[in-house]
Amino acid sequence: MGHLLVVESWVGAMSTLLPRAIREAGHRFTFLTRNLHHYLGRGSGDGVHPLLTADNVITAETNDPDLLLPQVQRLHEVLRFDGVITSCDYYLGTVARLAAHLGLPGARPQAVEYACRKDLARQRMQAAGLSGPGFAITEDWPGAEAAARTLGFPLVIKPVDLCAGMFVRLVADRTELREAFDALDAFPVNARGQQRSPQVLLEEVLVGPEVSVETVTVDGTTTVLGVTDKSLAGEPWFVETGHMFPAALDAATVTAVCDTGLAALAAVGFDRGVAHTELRLTAAGPRVVEINPRPAGNQITELVRRATGVDLPMVYAQLALGEQPDITVTDTGVRSAAISFLLPPRAGTVAGIDGAATLAAAPDVVDWAVKPAGHRTGDAVSNNTYLGHVMTVDTTGLGARVRAEELVGGLSVRYADEMAGALA
């Protein structure tokens, strides 16, 4: 039985999927966090909070790697860890450094840094000769304005160190660029209390459907499990509204996408772990959007598991422990699996979400959830604003996406201010 040190966690599906995978693989874990309150009240579907399955829950300043390394070293001398892991983007670099410091399995810290930072990834891919959008990196408004004149509008502005599509925006002119730049500049600290980089990435717009490549890398050899397709909400934001695995693509396109994804991982030197690389299918061929050196979010790993039998959170944990995971694809009977998300029509307090009874009765629905009454939501400007989801499977080969989207389309959101107005 291996002992994993889990440093922080995401608070979405992976916060449950990773602890579950660790247990089912026959291992145990200690959880390390700087702020336990960040996780309280976020239970799993079976009512058991994932942190209740930890051997230990320890508080430490996880936002200061230089201070954290000797603290974890002392913990390691007592508790004896066999691996270090996280499901949160903001701690991937810290975990890579911890693993290297303790002599435990893991990806090279520099490779993780290259992959996580959008600006560094762009530079590495360009140096490796991968075709991609024109881009510029700047950290002040005069630099952004000058770069925009060189690149030309429209373009995409991105923070280099945020996730879930936060503050990623399509801008059509100088006015929109200034608005987006100022909004990002006013967000100097991320949701985990970490000081953000002032650098901003500007890119030419990649036009075409978005997909992702799901891979497992062991000692520098990468295996592709398949390609996921994505659906996006309307501009100017890049909010994901759903996914289907495997993507409905012809064989030649799948090959081109996989080859490009593998080249991107090689460009950053990624040598061990699970990765989720996003691309656009442009008229000139697949082009990389970003590299994520961890399992996909938005329950894509569940879509992969249902279609292939490969449990990526479990594979992720096994790799962190130095094990050789079994990534053999099996015939599960599922030809495709899809998830569709309910976005808030606007900001406000939810009074209720109608139509959920249909989900509970549908035989092809394998998972669903909606936010309760009283939930406060903002506008749909990132993947953090979902009000619910529906996951479906298809065994006929017709595709699960249409069904998932149909069921989400049958949900309707009521707001508290509407109810108050009706009673006035």
Fill in the blank from the handout: With Cα springs under 10 Å, the Gaussian network model of the chain assigns the largest mean-square fluctuation among 64, 89, 229 to 64
Handout entry: Choice from 235, 77, 405 with maximal GNM fluctuation in the chain (Cα, 10 Å cutoff)
Key = 77
Practice task
Compare the Cα positions of 163, 247, 232 along the charge dipole of the chain (+1 at Cβ of Lys, Arg; -1 at Cβ of Asp, Glu; about the Cα centre) and return the one farthest towards the positive end.
Solution key: 163
Completion exercise
Filtered hits (lysines, Cα-Cα < 26 Å from residue 371, offset >= 8 within chain) -> 230
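Quick one: compute the contact order of the chain, relative version, from alpha carbon pairs under 8 angstrom and 6+ residues apart, as a percent. Don't jump to the answer; show the numbers that get you there.
Numbers: 885 pairs, mean separation 59.2, N = 424.
It rounds to 14 percent for the chain.
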Problem - Accessible area expressed per residue, the chain, with surrounding protein chains retained (probe 1.4 Å, Å²) - result: 42
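Add -39500 (n - 2.57) for each DSSP H run of 4 or more in the chain, then divide by its residues: what number comes out at 222 nm, to the nearest 500 deg cm²/dmol?
Numbers: 13 runs with 137 residues, N = 424.
Taken over the chain, the calculation gives -9500 deg cm²/dmol.
Using the Cα centre of the chain as the reference point, and only Cβ charges (+1 on K/R, -1 on D/E), how large is the resulting charge dipole? Debye, rounded to the nearest 20.
Numbers: 34 positive and 48 negative charges, 83 e Å.
Using only the charged Cβ atoms, the result is roughly 400 debye.
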Problem - ³J(HN,Hα), Karplus 6.51/-1.76/1.60, whole Hz, each residue of the stretch 197-211, x for Gly, Pro - result: 6, x, 6, 10, 9, 10, 9, 4, 6, 8, 9, x, x, 9, 9
Completion exercise
Everything considered on the Cα gyration tensor (a ≥ b ≥ c; rounded for a/c under 1.5, else prolate if a/b is larger than b/c, else oblate), the stretch 35-151 must be described as prolate
Problem - Cα gyration tensor shape for the stretch 253-371, rounded if a/c is under 1.5, else prolate or oblate - result: prolate
Fill in the blank from the handout: Mean-square fluctuation maximum in Gaussian network of the chain, Cα pairs under 10 Å, restricted to 375, 276, 389, hits 375
Handout entry: Two-site label geometry, residue 416 and residue 175: point separation in nm, points 7 Å out along Cα→Cβ
Key = 3.5
Handout entry: Potential extension, residue 61-residue 79 segment - 0.36 nm per residue separation minus Cα distance
Key = 4.6 nm
Problem - Positive-end residue of 105, 69, 144, charge dipole of the stretch 66-165 with Cβ unit charges - result: 105
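How high is the relative contact order of the stretch 234-354? Use alpha-carbon pairs under 8 Å, at least six apart in sequence, and give a whole percent. If you can, show how the numbers build up before the last one.
Values: 136 pairs, mean separation 33.9, N = 121.
Relative contact order, the stretch 234-354: 28 percent.
Rounded, prolate or oblate, given the Cα gyration tensor of the chain, with a/c below 1.5 counting as rounded? Walk me through the numbers before you get to the answer.
Working: a/c = 1.22, a/b = 1.06, b/c = 1.15.
Here the chain falls in the rounded category.
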Problem - Length added when fully stretched, residue 346-residue 48, from 0.36 nm per residue minus Cα-Cα - result: 104.1 nm
Completion exercise
Counting only protein heavy atoms and leaving out ligands, DNA and RNA, the solvent-accessible surface of residue 179 at a 1.4 Å probe, in Å² to the nearest 10, equals 100
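May I ask you to give the percent of accessible area on the chain that is carbon plus sulfur, with a probe radius of 1.4 Å?
Values: 9290 of 17740 Å².
The C+S portion of the solvent-accessible surface of the chain is 52 percent.
The values are calculated or read from the model by the stated rules, or taken from the named source; none is laboratory data. Treat the numbers as computed from the prediction; the structure is a model and nothing was measured. Ideal geometry is used to build each Cβ from the backbone, glycine not excepted, and the neighbour counts take in all protein chains shown. Keep in mind that these areas ignore ligands, DNA and RNA; they rest on the heavy atoms of the full protein, side chains included. Shrake-Rupley method; radii C 1.70, N 1.55, O 1.52, S 1.80 Å.
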